[in-house]
Structures are given as structure tokens and as C-alpha cells.
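Trainee: Let me give you the structure first, and then I'll get to my questions.
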Amino acid sequence: MPHAAMIVAAALFLLPGAASAQNANSQSTNGREKAPEGARAYIMWPSNGTTISGGKLWVRMGLQNMGIAPAGIRKEDTGHHHLLVDTDLATYDEPIPNTKQSLHFGGGQTEVRLELPPGRHTLQMILGDADHVPHDPPIMSQKITIIVP
């Protein structure tokens, strides 16, 4: 029985170290969460150059080699979508702002209904971690342009 107690004690001693090692491996040198290799974000609909009559559309966002987790939930190799409408991010080292041009989907949503005024518009999806900070390197779709006549 003493041998079993020593094994349990050793396991309990090692667990915190194992958890710290996992957290250290998931952080980059700049403090952002590392993006797993092969991770890719994309806009499923609309496609680049689409004309949207009336300006009402569904945007469907996709993700490959990662999972979706709601904002505030820390789980390695996950994040949640943000949609940039007619804007770019100023920095990747801070939380993505929550504005009319930078939409947050912290509940884990993968699509959104938009209504855009006439004109040319750009859309780009970027993944944020539990705190809305882009991964390192950023996981983002190509920027697409749509036209509302």
C-alpha cells in the first residue's frame, strides 16, 4: 500500500507541472496563443466579387484544423470568429475591437445576417482567442470584396 501512495503523490506533484508545460507550449513569445500548423479561416459565402442585390446577405464563416470555443473559454487550438467589414486591424497584439465594423461572435456563431448600404464592401474573418486577441500567426481569411448596387 505505501508503494501505491507514493505513485499517487508523485502523480499529484507532476500534474501542475504538466499543466504549466501545456500552457507554455500554447503561448508564443509575444504572449499571444500559438496557431496550430495548418489552421485556416475562410469565408464560405459570399465569394469574392459577388453582387448582393438589396444589400441583405448571410455571411458564412469556416475554419479548418481548429475548433470553435465561446469567448472566455480557454481551450488549446480553439477560438471564435470576428468579421471585419470595410476595415483592417491596426494591431494583432491587442483584443479585436467590438465595433460596427469589427463584429464579435463570442458565442461560437459561424454565420451572420448583414445588411450593407450600396457600394463596394470588404469582408475578412479573423479568429480570436478567449480574450479576442488574434493567434500567432493570425488565422484569418482572405479579404473579399462584394458589391451592393
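The values are calculated or read from the model by the stated rules, or taken from the named source; none is laboratory data. Quick caveat: nothing in here was measured; it's all calculated off a predicted structure. As a convention, Cβ positions derive from the backbone with ideal geometry for all residues, glycine included, and neighbour counts pool all protein chains shown. Keep in mind that these areas ignore ligands, DNA and RNA; they rest on the heavy atoms of the full protein, side chains included. Shrake-Rupley method; radii C 1.70, N 1.55, O 1.52, S 1.80 Å.
Trainee: Where does each of Ser141, Ser47 land when they are ordered by accessible area, with a 1.4 Å probe and the largest first?
Mentor: My answer, sorted largest first, is Ser47, Ser141.
Trainee: Of all beta bridges DSSP finds with both residues in region 26-140, what is the antiparallel percent, to the nearest 5?
Mentor: Among the beta bridges of region 26-140, antiparallel pairing accounts for roughly 90 percent.
Trainee: Order of 50-63, 75-88 by packing, highest average Cβ count within 10 Å first?
Mentor: Final packing ranking: 75-88, 50-63.
Trainee: OK, next. Where a ≥ b ≥ c are the square roots of the eigenvalues of the C-alpha gyration tensor, would you call region 76-121 rounded, which needs a/c under 1.5, or, failing that, prolate if a/b is larger than b/c, or oblate?
Mentor: On the way: a/c = 2.66, a/b = 1.38, b/c = 1.93.
It comes out oblate by the Cα gyration axes.
Trainee: Something else: Could I have the simple spin-label model distance between Gln101 and Trp58, label points 7 Å from Cα toward Cβ, reported in nm to one decimal?
Mentor: Between Gln101 and Trp58, the simple spin-label model gives 2.8 nm.
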